[in-house]
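Read through the structure below, which is laid out as structure tokens, and then see the notes.
The values are calculated or read from the model by the stated rules, or taken from the named source; none is laboratory data. Being a predicted model, the structure only gives us computed values, none of them experimental. Every residue, glycine among them, receives a Cβ derived from its backbone with ideal geometry; neighbour counts consider all protein chains shown. Calculation scope for accessible area: heavy atoms of the full protein, side chains included, ligands and nucleic acids excluded. Shrake-Rupley method; radii C 1.70, N 1.55, O 1.52, S 1.80 Å.
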Amino acid sequence: MSPPPRLSEAEDRQRRAATRNGWLLSAPALVLLFIAASGPLLIVLVYSFLTPGKYGDVSWEFSTSGWVGILFSRDIFDDTLKLADAHLTIFWRSVKLSLLTTAITFALGFPTAWFIATRPPKARALWLFLITIPFWTNLLIRTFAITEIIRNEGILNKVLLAIGVIAAPLRIMNTDTAVLIGMAYVYLPLMVLPLFAAIDRFDMRLLEAGYDLYASRMQVLRHVILPIVRPGIVAGSILVFVPSLGAYVTPRVLGGGKNMMIGNFIELQFGQGRNWPLGAALSIALLIVVMLAMLIYVRAATKEDTPHG
Amino acid sequence: MIKITGTAGPILSVNAAIMARDVTKAFGQGETALKALDNVSCEIRTGEFFTLLGPSGCGKTTLLRLIAGFEMPTAGQILIDGQDVTGQPPNRRAVNTVFQSYALFPHLSVAENVGFGLKMQGRPRAEIAATVREMLALVKLEALAGRRTGQLSGGQQQRVALARALAPRPKVLLLDEPLSALDLKLRKEMQVELKRLQTETGITFVFVTHDQEEALTMSDRIAVMSAGKIQQIGVPREIYTAPVNRFVADFIGETNFIPATAVPGGAKLADGTVLPAEGEGSLLIIRPEQLRLLPAAADGALPATVESVVYFGTDTHVHLALEDGTKLTARVPSPADGHSGHAPGQRIGLGFAPGAARLIRE
Ligand SMILES: Nc1ncnc2c1ncn2[C@@H]1O[C@H](COP(=O)(O)OP(=O)(O)OP(=O)(O)O)[C@@H](O)[C@H]1O
Ligand SMILES: [Mg+2]
């Protein structure tokens with residue numbers, strides 16, 4: 001056969017060359033990413049199967065004690081395995097606070113994102129800029145700023161006392177509430193930005209179509225807006241939930257020593273706890289659980305999306 | 001406040017699907033306010049195909065949006081089926097809209113789109129399913145019930161939009177230039193289709209277009225609008241043959257305008273010729289196809305000179321000048337060989353078909 005196949009052959013060769021060049025060009029970045037991402041992970045994985053050293057560190061003997069230690073602790077007297085209630089409490093608190101953080105940031109972030117997306121383009125850029133400003137400051141400093149507001153002699157209590165709403169200062173510091181306030185504050189932009197992106201793409205004419213077809217405001221929200229901006233909701237929830245679950249600075253500063261979350265618990269194993277394998281196993285387990293949870297969540301969130309009629 | 005409904009005068013009628021009473025809509029405040037609608041009153045009868053026709057920016061969409069409830073009038077009232085709905089939101093009005101952009105829900109299937117209105121009204125599932133099937137059959141889209149709307153062609157989306165708006169059986173269906181996004185062939189098809197749907201369902205259609213041919217062929221009655229005002233309401237024949245003013249005459253079809261004065265029994269032209277004409281005003285109109293080209297010496301003919309001849313296939317346009325310089329165009333059927341026998345410079349006589357000339361106001 002003549003011209004056409006030759007042409008497509010040439011095209012094919014060109015395309016292959018382009019692909020090859022693409023790979024070659026991105027190779028350094030890929031290699032770096034691979035080493036940077038999988039290297040440390042591999043080390044952590046290996047460490048989780050070693051025996052804890054006496055003064056921290058590890059001794060190079062295989063052991064599953066790290067993994068067992070996630071859920072069980074050994075009785076110091078008779079060496080039997082018992083379910084570690086303290087660990088479960090920490091896990092439960094982490095999940096609870098992360099879910100609540102996600103819910104709060106969504107409740108606050110959705111109206112915010114809607115507001116920004118419906119401004120004229122210039123104002124929109126300004127609002128987005130304002131939203132990202134907190135990112136410019138160190139997390140620790142932002143968290144201490146929250147302390148300044150909610151501590152017993154803080155701004156919030158002073159104002160509430162002055163206007164007579166309360167008689168004694170609210171004790172917020174070192175409670176789950178404090179952690180929640182801090183995390184909601186820190187992660188709010190991560191919810192607002194993807195929501196904004198989704199709402200920005202939303203065709204506002206669909207609102208009129210909804211009202212025209214007898215939907216009330218709530219029905220339009222439920223049956224038109226939310227399903228269409230769902231990808232933004234999914235992205236925002238993941239961006240908030242995942243780092244919340246691993247949060248470390250915020251619970252440490254605002255929650256005090258007692259209200260630990262998984263992040264603090266892991267840190268403890270590498271510090272005072274001197275149980276590096278347990279810390280490593282916890283890290284890997286957290287990673288796996290988060291990935292599974294996200295997989296299930298994304299599946300569930302996108303499944304309803306397919307038409308059935 | 002007591003409302004006395006009997007005082008509306010002759011405009012009140014029992015079979016009006018829509019009534020607009022002295023409706024004004026201004027956008028903006030004070031000095032810069034723009035009156036998109038200026039004291040508009042009209043009555044749309046139950047079961048008719050009513051068309052709003054006018055040039056871009058004349059307020060057609062605004063009037064439709066006021067009826068649908070997306071905008072509130074600055075002054076005046078909107079009545080649907082005799083009920084004052086002026087303050088009511090769109091979801092409480094028994095009218096549905098076919099949007100120019102279709103505005104189909106991208107997250108729903110074709111069937112779910114069609115069933116949306118019924119679902120929001122809280123109708124039982126079985127009824128929704130049955131109505132959706134019926135509507136999809138009506139617009140011939142049964143085969144696509146489960147598809148996403150994003151995967152449909154323009155014409156198919158148009159049909160879904162129609163079915164969706166018809167499914168809740170509204171008292172009135174509002175259509176804002178629904179065909180303007182379609183290519184010519186599809187457009188013609190959908191014109192027939194729309195007319196069929198209107199006849200089959202018996203629902204009152206209010207149709208917006210700026211295409212006069214579309215308006216003339218489809219409508220029971222037409223309202224011609226310009227600059228926020230309704231210029232004339234009438235059946236297509238009336239709008240074409242008896243326009244009330246220069247704007248309507250000019251906007252619908254092509255027209256020759258000749259300055260004239262009304263005299264008993266007709267109109268007197270500048271050169272003193274008196275032509276039989278109906279109506280009153282200072283402008284004589286005559287449609288190009290109503291002019292007869294006669295020999296120069298013909299009895300009672302108006303002397304004119306041929307300026308140019310343009311062949312259009314089925315007919316030929318002959319551009320003429322009267323002795324006082326007034327330009328006219330005559331449209332004559334092309335003979336079999338295509339040669340009309342007229343040439344620039346030729347002197348001829350102009351004859352008028354009986355009743356063709358008409359006096360109107362400026
Ligand atoms: N929301 C609005 N704010 C300000 N002015 C508006 C608004 N909507 C319409 N107008 C103005 O009102 C006038 C009438 O607009 P409308 O959309 O009703 O015209 P239309 O007859 O539908 O025109 P087209 O054929 O181009 O669709 C226009 O001058 C328009 O600029
Ligand atoms: Mg319009």
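A few comments on the model shown:
- Estimated FRET transfer efficiency when R0 is 56 angstrom, pair residue B:268-residue A:221 (beta carbons, to 0.05): 0.25
- Between amide H atoms placed 1.01 Å from N, distances below 5 Å from residue B:277 occur with B:266, B:267, all of them 5 or more places distant or on a separate chain.
- Chain B, dipole about Cα centre (Lys/Arg Cβ +1, Asp/Glu Cβ -1), debye to the nearest 20: 1420 debye
- In chain B, the portion of solvent-accessible area held by carbon and sulfur atoms comes to 53 percent [1.4 Å probe, whole percent, DNA, RNA and ligands not counted].
- Looking at chain A, the accessible area is 60 square angstrom per residue; that uses a 1.4 Å probe and ignores ligands, DNA and RNA.
- FRET efficiency, residue B:38 to residue A:136 (Cβ-Cβ, R0 45 Å, nearest 0.05): 0.25
- Inter-part distance where segment B:52-103 and segment B:129-202 are each reduced to a Cα centre, Å: 20 Å
- In range of the label at residue B:307: residues from segment B:240-256 whose backbone nitrogen is under 16 Å from the point 7 Å along Cα→Cβ: B:255-256
- Neighbourhood net charge (10 Å Cβ-Cβ; Lys/Arg +1, Asp/Glu -1) for residue B:349: +1
- Relative to the longest principal axis of the Cα atoms of chain B, helix B:125-138 runs at roughly 20 degrees.
- Spin-label model distance (nm) - residue B:199 vs residue A:197, 7 Å beyond Cα toward Cβ: 5.3 nm
- Whole-angstrom gap from segment A:212-228 to segment A:165-203, using each part's C-alpha centre: 26 Å
- Gain on full stretching of the segment that runs from residue B:289 to residue B:153 - 0.36 nm per residue minus C-alpha separation: 45.0 nm
- Only the Cβ atoms of Lys and Arg (+1) and of Asp and Glu (-1) were treated as charged; on that basis the dipole of segment B:254-360 about its Cα centre amounts to roughly 40 debye.
- Charge context of residue A:18, other residues only, Cβ under 14 angstrom, K/R +1, D/E -1: +2
- Long hydrophobic helices in chain A, taken as whole DSSP H segments with a C-alpha length of 20 Å or more on their own axis and mean Kyte-Doolittle hydropathy at least 0.0: A:3-47, A:85-117, A:176-201, A:230-245, A:276-303.
- Cα-based reach from residue A:258 at 17 Å (exclusive), listing aspartates and glutamates while leaving out same-chain residues under 8 positions away: A:85, A:176, A:267
- Here the translational diffusion coefficient of chain A follows from Stokes-Einstein with Rh set to the Kirkwood radius across Cα pairs; for 25 °C and 0.890 mPa s it amounts to 104 µm²/s.
- Mean projected area in nm² (Cα convex hull; one quarter of hull surface) for segment A:128-279: 13.1 nm²
- Counting charges near residue B:140 (Lys, Arg +1; Asp, Glu -1) among other residues having Cβ under 9 Å from its Cβ returns a value of -1.
- Computed packing ranks the peptides B:97-103, A:253-259, B:266-272, B:286-292 as B:97-103, B:286-292, A:253-259, B:266-272, most packed first, by mean other Cβ atoms within 10 Å.
- Calculated SAXS-style log₁₀ I(q)/I(0) at q = 0.14, 0.17, 0.18 Å⁻¹ - segment A:9-83, Debye, Cα scatterers: -0.66, -0.80, -0.85
- Per-residue packing, averaged as other Cβ atoms within 10 Å, sorts the ranges B:182-194, B:163-175, B:212-224 into the order B:163-175, B:212-224, B:182-194, beginning with the highest.
- With both residues required to sit in the protein assembly as shown, DSSP beta bridges show an antiparallel share near 75%.
- Seen against the Cα atoms of chain B and their longest principal axis, helix B:184-201 is set at about 60 degrees.
- In summary, the lysines within cross-link reach of residue B:171, defined as a Cα separation below 22 angstrom excluding same-chain residues under 8 places away, comprise B:60, B:119, B:195.
- Inter-label distance for residue B:169 and residue A:295, nm, one decimal - labels placed 7 Å from Cα along Cα-to-Cβ: 5.1 nm
- For residue B:188, a cut-off of 17 angstrom between C-alpha atoms picks up these aspartates and glutamates, skipping any fewer than 8 places away in its own chain: B:176, B:177, B:211, B:213, B:214.
- Förster radius 51 Å - calculated FRET efficiency between residue B:238 and residue A:103, Cβ distance, rounded to 0.05: 0.20
- Ranked by the mean number of other Cβ atoms within 10 Å per residue, highest first, peptides A:229-235, B:77-83, A:137-143, B:348-354 order as A:229-235, B:77-83, B:348-354, A:137-143.
- Members of segment B:90-108 that become less accessible by 20 Å² or more once partner protein chains are added (1.4 angstrom probe, chain alone as reference): B:90, B:91, B:96, B:99, B:101, B:103, B:105, B:106, B:107
- Note on chain B: Cα-only Rg and Dmax are 24.8, 79 Å.
- Taking every alpha-carbon pair under 8 Å whose residues sit at least 6 apart, segment A:184-273 reaches a relative contact order of 31 percent.
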